[in-house]
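Chemist: Quick one: the structure is below, and I'll ask about it shortly.
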Amino acid sequence: MSDSSAGAASRPLPYGRQSIDEEDIQAVVEVLRSDWLTTGPKVAEFERAFANFCGAAEAVAVSNGTAALHAMMFALGIGPTDEVIVPTLTFAATANAAVFQGARPVFADVDPETLLIDPASVESRITPQTRAIIAVDYAGQPCDYPALQAIADRHQIPLLADACHSLGGGTPAGRVGTLAAMNAFSFHPVKPLTTGEGGMVTTNDANWASRMRVFRNHGITTDHRQREQNGAWFYEMVDLGFNYRLTDMQCALGLRQLKKLPHWVQRRQQLADLYREQLKSVPAVTPLAVRAGASHAYHLFVVRVGSDRQRVFTELRGSGIGVNVHYIPVHLHPFYQRTFGTHPGLCPVAETASQQILSLPMFPAMQDADVERVVQALAQAVA
Ligand SMILES: *Cc1c(COP(=O)(O)O)cnc(C)c1O
């Protein structure tokens, strides 16, 4: 016991890490011995289990979270001259998905307490060209969906969720995956569950789900297995799609991971409580606020640092603690400044926050002692 805690003090601690057990490995190996490596039975099985978990009618599996966002844009028929409102404090892929369809992303600012998309800023960005709003459940916390939905309804614009951080979370109104008209997920290794690479969209709209199933398969209406089962060779490409399919190996892994997700989210919430308790003694470091009634899935544990963030970052990395910064506001990336003329000053709250935020290590296999180690290192770094 004392040996392992001595080891823990110097062991590199990443900001996020997957949990894979022997059963997960066996599930993947079984698929490798079966007839179908892709477009096989595990895909529909994973989709059904995922839809049931969220409480959504439909789930469409795709090859990654970016493909999930792109598929939502396609389902809505987003195209050139359209505008899509996204928060600027997100991973670039949220905005890129609109650009893939030829549309213009319009950047909304975030709430200073939670860093979630600010409904008032969304409202101020709406124009006659606005065709969708994508809310991002930053760090794993569900956005203010009632306020966003009221704006979306008033202007008759679909409200979508980039829920890549928040799988397993929820609000009094329901689970993440049901809070917007379509909801995108990522199964990258640092995300709430992993299939290596992978993604999903949930929706209650059968027509959108069917459009996305065609989109992920080159725009072709039947897949390889459906044709084999029908004894038919004929197929038609009805739209321009992509190969955005998820393999059966990945879906088998996802099915196993999904069973463990509730337990993992609970553990993340415990670790967050521990961070909050221990950080009370470090006044220069403030965790982000949690909205009343929100069940936060804690993909990330983000704090604001009141002193020189770069120095704190460097010192923690130097002691093997994998802190990170999520994110540089997307409108400040050179591509967006060059292509869409965005510039500093457009989203002042996010721009200020991005100079102060730090993501601390957060993953289910973390020990309580790891939290203590991070908080001690932080206390020293800000002193
Ligand atoms: C991870 C992530 C994505 C993209 O998911 P990939 O699976 O890496 O393509 C999109 N949006 C957010 C907020 C993410 O965190």
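The values are calculated or read from the model by the stated rules, or taken from the named source; none is laboratory data. Here the structure is a predicted model, which is why all the values come from computation and not from measurement. When we count neighbours, we look across all protein chains shown, and the Cβ atoms used for this are built from the backbone with ideal geometry, even at glycine. Each accessible area value is taken on the protein alone, full model and side chains, heavy atoms only, with ligands, DNA and RNA left out. Shrake-Rupley method; radii C 1.70, N 1.55, O 1.52, S 1.80 Å.
Chemist: Restricting attention to region 158-170, which residues are buried (at least 21 other Cβ atoms within 10 Å of the Cβ), more than 12 Å from the chain's Cα centre (by Cα) and more than 14 Å from the ligand (Cβ to nearest atom)?
Modeler: Leu159, Gly170
Chemist: If you take the residues in region 36-69 that are among the β-branched types (Val, Ile, Thr) and open to solvent by 10 Å² or more (accessible area, probe 1.4 Å), which one is nearest to the ligand (Cβ to nearest atom)?
Modeler: Restricting to residues being among the β-branched types (Val, Ile, Thr) and open to solvent by 10 Å² or more (accessible area, probe 1.4 Å), the top hit is Thr66.
Chemist: Let me ask something else. Got a number for residues in region 105-137 being on the phi < 0 side of the Ramachandran plot and either of a type in the set (Lys, Arg) or not in a strand (DSSP E or B) (or both)?
Modeler: 20
Chemist: Please go through region 285-332 and pick out each residue that is in contact with a Phe, Trp or Tyr (Cβ under 7 Å, 6 or more places away or on another chain) and not in a loop (DSSP other than H, G, I, E, B).
Modeler: Passing the criteria: Pro287, Phe301, Asn324, Val330, His331.
Chemist: Moving on to the next point. So which residues in region 179-204 are open to solvent by 20 Å² or more (accessible area, probe 1.4 Å) and more than 20 Å from Lys259 (Cβ to Cβ)?
Modeler: Answer for region 179-204, where residues must be open to solvent by 20 Å² or more (accessible area, probe 1.4 Å) and more than 20 Å from Lys259 (Cβ to Cβ): Leu179, Ala181, Glu197, Asn204.
Chemist: Residue check: is Thr286 of a type outside the set (Asp, Glu), outside the structural domain of Phe363 (by TED's automatic domain parsing) and surrounded by fewer than 21 Cβ atoms within 10 Å (Cβ to Cβ)? If you could, list the steps in order and put the result at the bottom.
Modeler: Working: of a type outside the set (Asp, Glu): yes; outside the structural domain of Phe363 (by TED's automatic domain parsing): no; surrounded by fewer than 21 Cβ atoms within 10 Å (Cβ to Cβ): yes.
Spelling it out, it is not the case that Thr286 is of a type outside the set (Asp, Glu), outside the structural domain of Phe363 (by TED's automatic domain parsing) and surrounded by fewer than 21 Cβ atoms within 10 Å (Cβ to Cβ).
Chemist: Related question: Assuming Tyr145 fulfils every condition listed in (1) within 12 Å of the ligand (Cβ to nearest atom); (2) without any contact (Cβ under 8 Å) to a residue 60 or more places away in the chain; (3) among the aromatic types (Phe, Trp, Tyr) apart from one, which condition is it?
Modeler: (1)
Chemist: Considering each of Ala98, Ala27 in turn, give the residue that is part of a helix (DSSP H, G or I), touching a strand residue (DSSP E or B) at 6+ places or on another chain (Cβ under 7 Å), open to solvent by less than 40 Å² (accessible area, probe 1.4 Å) and not assigned by TED's automatic domain parsing to the domain that holds Val323.
Modeler: Ala98
Chemist: Please specify each residue of region 303-342 satisfying the condition of being closer than 22 Å to Ile117 by Cα and of a type in the set (Val, Ile, Thr).
Modeler: Of everything in region 303-342, those that are closer than 22 Å to Ile117 by Cα and of a type in the set (Val, Ile, Thr) turn out to be Val303, Val305, Val325, Ile328, Val330, Thr342.
Chemist: Condition (residue is within 16 Å of the ligand (Cβ to nearest atom) and open to solvent by 20 Å² or more (accessible area, probe 1.4 Å)) applied to region 205-212: is it met by at least one residue? Explain how you work it out, then say what you get.
Modeler: If we filter region 205-212 for residues that are within 16 Å of the ligand (Cβ to nearest atom), which is where we start, we get 212.
Filter once more, so that each one left must be open to solvent by 20 Å² or more (accessible area, probe 1.4 Å): none.
No - not one qualifying residue is present in region 205-212.
Chemist: Where in region 138-230 are the strands (runs of 3 or more DSSP E), entirely inside, with at least 1 residues that are among the charged types (D, E, K, R)?
Modeler: Passing ranges, in order: 159-162.
Chemist: Among the residues of region 232-240, is there at least one that is of a type in the set (Phe, Trp, Tyr) and buried (at least 16 other Cβ atoms within 10 Å of the Cβ)?
Modeler: Checked region 232-240: no residue is of a type in the set (Phe, Trp, Tyr) and buried (at least 16 other Cβ atoms within 10 Å of the Cβ).
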